[in-house]
Amino acid sequence: MTVHNYSNICKECGGYCCKQGGSLATKLEVNRIIEAGYPNKFIEISENCYITDFGEDLVCPYLKESACEIYPVRPILCRKYPIFSTNGEEHYLVHCPLTQYLSEEDITQCIEIALEVPDDLFTCAQRFLAPFDSRIDERMRKFKMERIELE
Ligand code: SF4
Ligand code: SF4
């Protein structure tokens, strides 16, 4: 099973997780998205850290009709959802509408992906998104978040 099978649930939800400041990516990930033929909607923040050029509404520019238009090549930070991480050491399972349909295997897969996120992406995200923190936190609180320990 892949999260993709549940795209109808995400469409009904309206892509809520993609309305919290978009996503960040490494240079390699951005290049992969461009090479796959998608438009570059990232802005460079630092040498190996890019963020989707979201607007005042905090919505990722790749969200189209409540679906991700770059789904097959979306960045690692998106692939690990519903695991949300504030940094490399603090992780939560987000109980969004999709989570209840995920198997243990699916969650384990997302945890494994979360463990692969480069530390400098978290540092970069914290620095750049700081001015938006209160609005992002407000949106995050829509769903219950359960702290989990990753090994
Ligand atoms: S918050 Fe959950 S249900 Fe909603 S779009 Fe994101 S993954 Fe899908
Ligand atoms: S890249 Fe796709 S999955 Fe990631 S935040 Fe944007 S629309 Fe959502």
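Odds and ends about this structure:
- Net dipole in debye of the stretch 3-148 [+1 Lys, Arg Cβ; -1 Asp, Glu Cβ; about Cα centre; nearest 20]: 380 debye
- Using a cutoff of 8 angstrom between alpha carbon atoms and counting only pairs six or more residues apart, the relative contact order for the stretch 1-107 works out to 30 percent.
- Local electrostatic count at Pro72 - Lys and Arg +1, Asp and Glu -1, tallied over other residues with Cβ under 11 Å: +2
- Taking 0.36 nm per residue of separation and subtracting the Cα-Cα distance, full extension of the segment from Arg135 to Asn40 would add 31.7 nm.
- Residue (of Asn87, Ser103, Thr123) at the positive-pole extreme of the stretch 3-148, dipole from beta-carbon charges: Ser103
- Only helices enter this figure: runs of n ≥ 4 DSSP H residues, each worth -39500 (n - 2.57), summed and divided by the residues of the chain, yield -9000 deg cm²/dmol at 222 nm to the nearest 500.
- Between Leu115 and Asp57, the modelled labels are 3.8 nm apart [label points 7 Å from Cα along Cα→Cβ].
Taken together, the values in this text are just the output of simple stated rules run on the coordinates, not laboratory data. Quick caveat, the model's predicted, so the values are computed rather than measured. Cβ: placed from backbone, ideal geometry, glycine included. Neighbour counts: every protein chain shown.
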